[in-house]
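Student: Quick one: the structure is below, questions incoming.
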Amino acid sequence: MNLDEFWSRLRGVFRRNRPDPDFDDEIASHLEFAKADAIRRGLSEAEAERLAAIQFGSTTAARERVWEQRRLPWIDTLLRDAQYAARGMRRNPGFTLVTLGTLSIGIGLCSVIYSTLMWVVLRPVPGIPEPERLAVIDRPVPYSSFEAYRESNNTSWSAAAFLGPVPITLGDDRATGLLVSPEYFTTLAVQPLLGRFFDPVQEQKGTPASVVLTEHFWRTRLRSDPQAIGRTLRINGRTLSIVGVAQRDFYGAGAVAFSVPDLFLPATANPSPAPELRDGFENRPSFQVLLRLATGVTIAGVESQLDAETRRLHHSGENKGRLIRLFPAGSLIPLPPEGRALFVLFYGVLMFAVLGLTCANLGGLLLARGAARVPEFAIRLSIGADRRRLVRQLLTESALLAVAGGAGGLLCAHAIFAILRSIQTLSNPVLDSFTRGPDLQAAGFSFAIAIVAAAGFGLLPALAVTRLDLTAAMKPGRIPGLPRYRPFGLRNFFVVGQVAAAMMLVLVMGFVVVGTQYGPRTDPGFDTAPVSFFSLDPARDGLAPAESAELLGRLPERLRRIPGVVIASLADRPPLDNTYPTTPVSVPGGGSHGVVLQSAGPAYFSALDARILRGVDFQQREMTSGPRSAGIVPAAINQTAASELFGSQDPLGLRIQHDGHEYQVAAVVRYAPRAMLMGRPIATVFVPLDTHAAASGITVVLRWRASVDMAAVRRAVADLDSRLTVFQPNTLTAAVADLESKASKAAALYTPIGLFGLVLACLGLAGVTAQTVQRRKKEIGIRTAMGARRSQVLRLVMGESAAMVLVGSAIGYAAATAFARALSAVASPVAQLIAPVASNWALTAGVPSLLIALAIASCYLPARRSAGIDPLNALREE
Amino acid sequence: MPQNEKLDLLQGTLDLLVLRTLDAMGPQHGYGIARRIEHSSGDQVLLNQGTIYASLVRLQQRKWISAEWGVSGNNRRAKFYSITRSGKKRLAAETSYWQRLTAVIGRVLAPSEGGDR
């Protein structure tokens, strides 16, 4: 069949039942010619007509052949099957609703999981050509080392360095910047949209700073001003001119996903507008090094070249071991290969569980429905359909379901993304591109999954229910076609699989949901009502370090003079800001623990009304500005930190070490905010504030007598120094409300996932138990006739289901535990999320018990019917 | 095989015969094509004339022939088929293929002279 013929026949398919008058005319004319011919040869009229008809052969056969030639028989069959399937779906709206709902949610979840995986692990960093050739050195190095790497080899790689993203003060607003070496843009091989990028000639060391903007910044803040080049911006208290605008979607390389830069500043400028690049920065290891590898150069090869260079730099004689490791930097979030593998495994397992659960459930449902349709199949088989034809019919029905489910799944995925969007803590163009919803690829993936699922849940039942003993199937009065009871049969396999997958899903989601429900909703440990806070960043407002320290020293006292202010205190970050990662600290003889390390000034705890349970508050003299002199510094810890670091020991006076400093616990405070979704308060260690080192500014916390007066605060700050910018003002009540609304939305997302698993498992069990009762009707009848009591019959039926529930639960539990353990082995955010809750016994024991109880209850209803079986009726049916 | 029994057409050869007939005779209606095939084969070919129409539909779908209603010499309405340019090309290709095939088959089936037995 060539293409022309195919199209022509395909068109024919859709001209379905139209008669072909043209061909009837043609046959008539053919017969006329034949008859005339025969008459010419001397035959009688009647003889001629007969001969013409004989020569032509059967007109019906000819018509049929032409008909078949005009269309595609397999599409005809498919359309007929689909029509038949659609009719069947309309006839059983309940069944259709349940299966479609199940499939939609299942596919929706898979699509979200897939999008996440693609985004986190596999998506290339946007806006950069050939991202697969980028690599990043695993740790920050001093600028001088970067220069050595850059000069050492010009054939295997080109190198660029960047620092950041760092906060930038922009007029009285905040932005995010990246401090880059002049060859940054050429190394990434990107082109400017407007103006020029930095280059090694114009951005030589010591030249004045200029600025390159991202397209997003230019579009949103400068309203796509075409005359932007040459205009100036007030950055960190200095006036810099704009030299270029980057292409759309370019945000630099490296881990930019969670902190997207708005602008780029040259690291070589002098004087530098960035406080990060002052006094002796060249020798501080603060720069990330990006390499673009030449074609044919391997990461391992470059690593050993860099090692040699590093040894030369440090005049190190030893010649063993790897010093420098490189990560591929072409993906949105640079990960070492083993980290990548782990992410793929995690999401793969999750997807497998969801898909497996969905398929097992639908498989069970279709099997049950197929069993009810056995008489229909038996009739079709006996009037000549072959088994292949019936299997094809059933698969078409599954495929129809799958296509509808795929569409439903996409809708479901969009809904999930809408929730994600509303609980997203960070908002930036890169993250927003993720939460905008599944892309075309993910949509394609959803449909592929749907088709695979259809094959998965459709094929086995189709094969099972069409394997029929015709004579038995057609006998009246019995449930035909149900195979002998087999303990390891397909049905039971589906059920055990379902229970296992549901258990796993419910456990994992249960941790998340329970953690969320009891998370920030509980008392954060302090009274939130009349507390406000705002941030300052004197370094970026252009104040010298000494000036800034002096100013911050006077600030609380000045603010306390505002009418209505009761307490004013300083800290290094806004209260309840849980976007900071944990830091490892160690206790002598106790190993290393991850805690949130934050610093605070005197009266911070009373400003928040966080009660000091034991010990004393920080004192003014403990605050420092500049490097801390040796000696012991006090620390305050919350109760979680006390129990995590010291167990049941009295923590007062004990030591904590971090980064070469030693702290002594001077106070235990009642401070219990929880991280997003976490089940218990975060272990927090407070150390006295170092007003010099606060890298991204200082937060001022004010407790008021009654109402908050921000205008008075701004006046007071301006009064202290007119250069200061007050940013991110907020009240504690608003911050708590925001956190809570995010938490409840997260619960709104995860609760249905957990419930989805639970409901599916219960439905599946109930269905299978109902079938078991039907299948063993006669046996039960005999038992009842022989004198078995109701309870004995019930036990017989329930025993089987309970066994399946227990086996499934055990498998699911083991899988969930193994999964949680595998995750905790790597410190991913997911592990941090699961780990604290996974050790919560109420959950790990409670959730399975609940599931088992529910599952057994859902068998009970159909099982009860078994007790009502009338032995006379059951036995008569033969 | 008795000599007087008619020959069954091989799969696909009817299309070739129809193309050849149209190429040789110009536009022709269904009956004319069928008669011509029977006649030029010396009435050796077994042909239910009705079978020719499926072949005509197929050749039209492949755009090797085209069809048009018209009036015959003795004033009868009939659908006339004519070969197209791509049909001619196809005919040439098919003919040479057929000739090669029959030559090869003929060689293989030829009675061997002083052969293995």
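The values are calculated or read from the model by the stated rules, or taken from the named source; none is laboratory data. It should be emphasised that the depicted structure is a prediction, and the values quoted were computed from it without experimental measurement. Every residue, glycine among them, receives a Cβ derived from its backbone with ideal geometry; neighbour counts consider all protein chains shown.
Student: So, in the stretch B:82-115, how many residues would count as being within 21 Å of the chain's Cα centre (by Cα) and away from chain A (no Cβ under 12 Å)?
Tutor: Qualifying residue count, the stretch B:82-115: 21.
Student: Mind checking whether some residue in the stretch B:82-90 is hydrophobic (A, V, I, L, M, F, W, C) and either exposed (fewer than 14 other Cβ atoms within 10 Å of the Cβ) or over 16 Å from B:Thr21 (Cα atoms) (or both)?
Tutor: No.
Student: Taking the stretch B:33-81 as the search range and keeping residues that are surrounded by fewer than 17 Cβ atoms within 10 Å (Cβ to Cβ) and assigned to a strand (DSSP E or B), which one is nearest to the other protein chains (Cβ to nearest Cβ)?
Tutor: B:Arg77
Student: What is the number of the single condition among (1) within 16 Å of A:Ile299 (Cα to Cα); (2) touching a Lys or Arg at 6+ places or on another chain (Cβ under 7 Å) that A:Ala135 does not meet?
Tutor: All conditions are met except number (2).
Student: Next up: Give the residue, chosen from A:Ala85, A:Ala53, that is part of a helix (DSSP H, G or I) and more than 14 Å from chain B (Cβ to nearest Cβ).
Tutor: A:Ala85
Student: Exactly one of these conditions fails for A:Ser8: (1) more than 10 Å from chain B (Cβ to nearest Cβ); (2) hydroxyl-bearing (Ser, Thr, Tyr); (3) within 28 Å of B:Ser86 (Cβ to Cβ). Give me its number.
Tutor: (1)
Student: Give the residue, chosen from A:Thr59, A:Thr99, that is touching a residue at least 12 places away in the same chain (Cβ under 8 Å), within 30 Å of A:Arg369 (Cβ to Cβ) and touching a helix residue (DSSP H, G or I) at 6+ places or on another chain (Cβ under 8 Å).
Tutor: After applying the criteria, what remains is A:Thr99.
Condition check ((1) of a type in the set (Lys, Arg); (2) modelled with pLDDT under 90) across all residues:
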residue: A:Leu134; (1), (2): no, yes
residue: A:Ser152; (1), (2): no, yes
residue: A:Ser158; (1), (2): no, yes
residue: A:Arg174; (1), (2): yes, yes
residue: A:Val180; (1), (2): no, no
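Student: To continue, here is another question. Which condition breaks for A:Ala407 when tested against (1) buried (at least 21 other Cβ atoms within 10 Å of the Cβ); (2) modelled with pLDDT of 85 or more?
Tutor: Unmet condition: (1).
Student: While we're looking at this one, here's another question. Please state which one of A:Ser592, A:Ser629, A:Ser606 is farther than 17 Å from A:Leu654 by Cβ, surrounded by fewer than 18 Cβ atoms within 10 Å (Cβ to Cβ) and modelled with pLDDT under 85.
Tutor: Unique residue meeting the criteria: A:Ser629.
Student: Among the strands (runs of 3 or more DSSP E) lying completely within the stretch A:126-194, list those that include at least 1 residues that are within 30 Å of the chain's Cα centre (by Cα) and among the hydroxyl-bearing types (Ser, Thr, Tyr).
Tutor: It comes to A:173-180.
Student: Just name the residue that is farthest from B:Glu68 (Cα to Cα) out of those in the stretch A:7-50 that are assigned to a loop (DSSP other than H, G, I, E, B) and among the charged types (D, E, K, R).
Tutor: A:Arg41
Student: Out of the helices (runs of 4 or more DSSP H) lying entirely within the stretch A:696-797, which hold 2 or more residues that are at pLDDT below 85 and either at positive phi or of a type in the set (Lys, Arg) (or both)?
Tutor: Of the helices (runs of 4 or more DSSP H) lying wholly inside the stretch A:696-797, those with at least 2 residues that are at pLDDT below 85 and either at positive phi or of a type in the set (Lys, Arg) (or both) span A:732-775, A:777-785.
Student: Could you tell me whether any residue of the stretch A:31-50 is more than 30 Å from A:Arg392 (Cβ to Cβ), of a type in the set (Ser, Thr, Tyr) and within 13 Å of chain B (Cβ to nearest Cβ)?
Tutor: No; the residues of the stretch A:31-50 include none that is more than 30 Å from A:Arg392 (Cβ to Cβ), of a type in the set (Ser, Thr, Tyr) and within 13 Å of chain B (Cβ to nearest Cβ).
Student: Go through the stretch A:166-207 and count every residue that is farther than 15 Å from A:Arg150 by Cβ and of a type in the set (Asp, Glu).
Tutor: Residues in the stretch A:166-207 being farther than 15 Å from A:Arg150 by Cβ and of a type in the set (Asp, Glu): 2 in total.
Student: Condition first: at pLDDT 85 or above and crowded, with 19+ Cβ neighbours inside 10 Å. Now tell me which residues in the stretch A:269-301 satisfy that.
Tutor: Answer for the stretch A:269-301, where residues must be at pLDDT 85 or above and crowded, with 19+ Cβ neighbours inside 10 Å: A:Phe287, A:Gln288, A:Val289, A:Leu290, A:Leu291, A:Arg292, A:Leu293.
Student: May I pose another question? State the number of residues belonging to the stretch A:65-82 that are more than 9 Å from chain B (Cβ to nearest Cβ) and either surrounded by fewer than 14 Cβ atoms within 10 Å (Cβ to Cβ) or closer than 14 Å to B:Gly30 by Cβ (or both).
Tutor: 3
Student: Of these, A:Phe417, A:Phe346, which one is aromatic (Phe, Trp, Tyr), at pLDDT below 75, within 17 Å of A:Ile113 (Cβ to Cβ) and assigned to a helix (DSSP H, G or I)?
Tutor: A:Phe346
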